[in-house]
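Okay, structure first, notes after.
Nothing in this text is a laboratory measurement; each read-out follows from the coordinates by a stated rule. On a predicted model such as this, the values are computed, not experimentally measured, just so you know. Backbone-built Cβ (ideal geometry, glycine too); neighbour counts: all protein chains shown.
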Amino acid sequence: MSDYQPLRPTKGPLGKLLAPVAGFGVTLGSMFRPTVTEQYPFEKVPTPRRYHGRHQLNRYADGLEKCIGCELCAWACPADAIYVEGADNADVLAETGGGQVSPGERYGRVYQINYLRCIFCGLCVEACPTRALTMSNDYELAGPTRAGMIYEKQDLLAPPAEGTLATPHPMVEGTTDTDYYQGSVTAPTAEQVDWVREHRPDDPTLEAATAVVQGSRPAPQPTVHTLRPPATKATATREAARGGHAGDRTTDAPGGPLSAALDAPGSTARARATVGPRLAAGSAREGSTETGSTHEGGAR
Ligand code: SF4
Ligand code: SF4
């Protein structure tokens, strides 16, 4: 005879009688709960702040691109979804008579992400040394063709924020690429505007950048990538309750949700020690045009 002893108590006579229909209890209980059907695509529910969506290539506050074509993102990608070809800014300097695409020696001439391969792991964002690559909250990536799912640089590059200059143009005088990385450049300068006016008088970004230089409009604000506007009042309310789609997925302004969580009684000393400095760093970078997810839209 077996000495097996069940851990769960055995059912009594009433339990045995109702056992065949017990499963319907879940069904009956669910019938009286409010429906949770999402009315997509008419209502777009906001994603979590750190959602991994479409990638974005970011710019500095004067409009120069952050990508230096180093290919580290491509090497880090486990799905072999990224293809990068770098090129020399010296060639652009010679061609344009002084303009360049990014600060420093190199820029990303070709940049492709194959979204049929990408698993949205974010390792490419972790690998990027300049915070050029971040991920947005955009999840609507379906397409009718395979070729159309290979996003090119022009699909991924953030457009110049209002008040910044389109590339190519010179770096801010007297700065290095390190100054750019450290956030010392917060707006285009008069020399850069003059250069663009001389070489591309019809450039559409000139007017707003000129106003910034003249002080008649504020310096460019960081671009925040968001989903399309909510379709209904209900989704707008939910989005507001969640704090909206902040572009920065890893940093948070003082008083923001992350700061509040750290200040909460349950927050551990370790969390405050590890996340606190990143909060401070994020506040210092507020002049940046990164988004990305919404991100300084980066999964970092
Ligand atoms: S998110 Fe992951 S899979 Fe997609 S491109 Fe980046 S590293 Fe590759
Ligand atoms: S996105 Fe970042 S890691 Fe990738 S090539 Fe550009 S600078 Fe290098």
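From Cα pairs below 8 angstrom and at least 6 apart in sequence, can you work out the relative contact order of segment 47-158, rounded to a whole percent?
38
Which length gain, in nm to one decimal place, applies between Val110 and Ser184 when the Cα-Cα distance is subtracted from 0.36 nm times their residue separation?
Result: 23.9 nm gained on full extension.
Sort 48-60, 32-44 by the packing proxy (mean of other Cβ within 10 Å over each peptide's residues), most packed first.
Result, highest mean first: 48-60, 32-44.
Go through segment 79-151 and name the trypsin sites (Lys or Arg not before Pro) that are in a DSSP coil and have 16 or fewer other Cβ atoms within 10 Å of their Cβ.
Sites meeting the loop and neighbour criteria: Arg117, Arg146.
Shape call for segment 1-153 from the C-alpha gyration tensor, a ≥ b ≥ c root eigenvalues: rounded (a/c under 1.5), prolate (a/b greater than b/c) or oblate?
Judged from the Cα gyration tensor, segment 1-153 comes out prolate (a/c at least 1.5, a/b above b/c).
With θ taken as phi - 60° and the coefficients 6.51, -1.76 and 1.60, list the Karplus ³J(HN,Hα) couplings across segment 23-36 in order, rounded to whole Hz; mark glycine and proline as x.
Ordered by residue, 3J(HN,Hα) equals x, 5, x, 5, 4, 5, x, 6, 5, 9, 8, x, 5, 10 Hz.
To the nearest 20 debye, what is the magnitude of the charge dipole of segment 1-110 about its Cα centre, counting +1 on the Cβ of each Lys and Arg and -1 on the Cβ of each Asp and Glu?
Dipole magnitude for segment 1-110 comes out near 1160 debye.
Let me spell out the model: positive unit charges on the Cβ of Lys and Arg, negative unit charges on the Cβ of Asp and Glu, origin at the Cα centre of segment 1-50. What dipole size does that give, in debye rounded to 20?
160
At 7 Å along the Cα-to-beta-carbon direction for both Ala22 and Gln214, put a label point, then send me their distance in nm to one decimal.
With each label point 7 Å from Cα toward Cβ, the separation is 7.9 nm.
Rounded to the nearest 20 Debye, what is the dipole magnitude of segment 29-72 about its Cα centre when Lys and Arg each give +1 and Asp and Glu each give -1 at the C-beta?
For this selection, approximately 200 debye.
Highest mean first, how do 197-207, 16-26, 177-187 rank when packing is the count of other Cβ atoms within 10 Å averaged over residues?
Order by mean packing, descending: 177-187, 197-207, 16-26.
With unit charges on the beta carbon (Lys/Arg positive, Asp/Glu negative), name the residue among Thr178, Leu165, Ala147 whose Cα is farthest towards the positive pole of the charge dipole of segment 133-192.
Towards the positive end, the residue furthest out is Ala147.
In terms of modelled amide H atoms, which long-range or inter-chain residues lie less than 5 Å from the amide H of His169?
Amide H to amide H, under 5 Å and 5 or more residues apart or across chains, His169 pairs with Gln100.
To one decimal place, what orientation-averaged projected area in nm² is obtained for the convex hull of the Cα set of segment 73-192?
8.6
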